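Single-structure report; data block below.
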Amino acid sequence: VVFTGGEPALQLEKPLIDLLHDNGRVCAIETNGTRDVSGLGLDWICVSPKGPKGEPIKPEDWKQRTGNELKVVFPNSFNLDTFFDADGFDHYWVSPAMGEVTTQINIEQAVAFVKQYPRWKLNCQMHKSLGIE
């Protein structure tokens, strides 16, 4: 069961996760990171720090600093250096911003970024590539 869309951490509670686990389900979340969900017993935590309409989360509002994945749209108006001290993730992803006039530039910059910082891997927003919003 993947909890995503809007900000699922606003409604998610441990008794629901426990019930799902009791029924043999694996539970994951994609969260913007403004709430700490580490105590909920989730099996997979993906943090994608963006607010409404893709606006960046301010570093001081970022509470979930551990998990399985950290996914960041690139470029963004925040400084990626904010996330360099985030050693609590298994995977680090940058996704070039798509659907704008600068798409090709964003792709080139994201590729250059992952070459310079090999801890980060390139990810693509497939729904954007396919024109699905």
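The values are calculated or read from the model by the stated rules, or taken from the named source; none is laboratory data. This is a predicted model, so every value here is computed, not measured. Note that we place each Cβ from the backbone using ideal geometry, even for glycine, and neighbour counts take in every protein chain shown. Only protein heavy atoms, including side chains, enter the accessible area calculation; ligands, DNA and RNA are left aside. Shrake-Rupley method; radii C 1.70, N 1.55, O 1.52, S 1.80 Å.
For this structure, a couple of remarks:
- Around Arg25: net Lys/Arg minus Asp/Glu count, Cβ-Cβ under 11 Å: -3
- Calculated from the structure at hand, Cα extents along the principal axes in Å is found among (i) 59, 26, 20; (ii) 44, 35, 23; (iii) 47, 33, 23 as (iii).
- Candidates Val26, Val111, Val47: whichever shows maximal mean-square fluctuation once the chain is modelled as a Gaussian network with Cα springs under 10 Å: Val26
- Which of Phe89, Phe3 is most accessible, then next, and so on - probe 1.4 Å: Phe3, Phe89
- Gain on full stretching of the segment that runs from Asn23 to Ser38 - 0.36 nm per residue minus C-alpha separation: 3.3 nm
- Rounded to whole Hz, the Karplus (6.51, -1.76, 1.60) HN-Hα couplings of segment 56-70, x for glycine and proline: x, 7, 5, x, 6, 8, 7, 9, 8, 9, 9, x, 8, 9, 10
- Pairs of lysines in the chain (C-alpha under 26 Å apart; 8 or more residues apart or interchain): 23
- Note that the chain presents 59 Å² accessible area per residue, ligands and nucleic acids not counted, probe 1.4 Å.
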